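What follows is calculated from the coordinates using simple rules that are stated; it is not laboratory data. On a predicted model such as this, the values are computed, not experimentally measured, just so you know. Every residue, glycine as well, gets a Cβ built from its backbone with ideal geometry; the counts of neighbours run over all protein chains shown.
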Amino acid sequence: MEFKIDNQDNVLSGSIKESSGNGKIIATINNKEHSIKIIGLKNNILEFILDNSYRTAKILEYGSSHVKILMNGEQIILKKHSKLTEILEKSMALGGSASGENKLLSQIPGRVVSILVKVGDQIKKGDSVIVLESMKMQVAVKAHKDGEIKDTKVKIGDTVSRNDIVAVIE
């Protein structure tokens with residue numbers, strides 16, 4: 001993977017050396033190893049810990065070949081590794097681990113236009129919970145299991161990214 005920072009001529013190189021299921025990543029950047037712990041991604045703000053230091057980065061653009069982020073006032077362009085998305089999803093435990101089974105995730109990025117449930121409602125697998133608008137289309141986020149709504153993590157007007165938690169079902 002290559003990194004290009006605006007106002008700098010050099011291109012940095014990097015790779016993901018190791019990825020665990022709890023958000024921890026060991027990455028090598030310009031031959032130096034770094035520990036990264038992903039905390040979360042909400043409203044295009046990525047929160048993470050880099051070498052024991054809390055950081056945030058705003059995702060400005062997410063293309064098929066690159067990601068453009070803003071960090072510490074600098075724009076950084078990351079040329080995407082073909083498996084980068086898969087690695088990040090696994091490291092953030094979005095693939096269905098036991099701790100994530102109660103979390104209802106958005107399948108797409110979009111704006112919340114409707115919340116069809118409230119805390120305490122009993123729902124069945126397949127029931128619509130939230131309605132998102134994306135590219136002028138409305139898409140329902142449906143329950144992945146039977147249960148009770150314990151919490152809704154969004155409100156009308158919020159913008160969510162793919163795989164953001166929108167509700168908790170127990």
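Let me know the shape class of region 101-169, please: from the alpha-carbon gyration tensor, a ≥ b ≥ c as square roots of the eigenvalues, rounded when a/c is under 1.5, otherwise prolate if a/b is greater than b/c, or oblate. Prolate shape, in that a/c is at least 1.5 and a/b is the bigger ratio.
Among M137, M71, which comes first, then next, by fewest other beta-carbon atoms within 10 Å?
Listed from fewest to most nearby Cβ atoms, that is M137, M71.
Using the Cβ-Cβ distance between E33 and D127 with R0 = 30 Å, the FRET efficiency computed as 1/(1 + (r/R0)^6) comes to roughly 0.05. Give K68/K145; K17/K103; K79/K124 a once-over and call out the pairs whose C-alpha atoms are over 31 Å from each other. Correct reply: K68/K145; K79/K124.
Work out, step by step, the length gained on full extension between Q138 and Y54: first 0.36 nm times the residue separation, then minus their alpha carbon distance; give nm to one decimal.
26.7 nm
Looking only at region 44-58, which residues have a backbone nitrogen under 18 Å from a spot 7 Å from the Cα of L12 in the C-beta direction? So the set is 46-58. Inter-label distance, E74 to K153: 3.1 nm, where each label sits 7 Å from its Cα along the C-beta direction.
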